[in-house]
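The values are calculated or read from the model by the stated rules, or taken from the named source; none is laboratory data. Since the model is a prediction, treat every value here as computed from it, not as a measurement. Using ideal geometry, Cβ is built from the backbone for each residue, glycine included, and neighbour counts are taken over all protein chains shown.
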Amino acid sequence: MPIYEYQCRSCSHQLEAIQKFSDAPLVDCPACNAPELKKMLSAPGFRLGGGGWYETDFKTGARKNLASADAPACPATGCGSGACAAGE
């Protein structure tokens, strides 16, 4: 889901909101309650849900390097790959 940035024209309060594309834009400022929120132009941001979407959805054949039950868990994250950058 996309993350939108808003700024209040009344009090200059800024906030981020995770919204569906079909959701109506926010209008009321949570800081001053004025109906002055406007979307800001910013770099696109979004959130991916679930785990391992790249490994399971986009790799094919032998390129799938899925973590197996025999692989040692990464001490930093517990990801199970044994070779992740966080565990080095």
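At-a-glance table
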| quantity | calculated |
| --- | --- |
| Of the criteria (1) surrounded by 10 or more Cβ atoms within 10 Å (Cβ to Cβ); (2) at pLDDT 90 or above, which one A71 fails | (2) |
| Residue satisfying condition, being over 23 Å from the mean Cα position of the chain (by Cα), surrounded by 13 or more Cβ atoms within 10 Å (Cβ to Cβ) and at pLDDT 90 or above, within set A17, A34 | A34 |
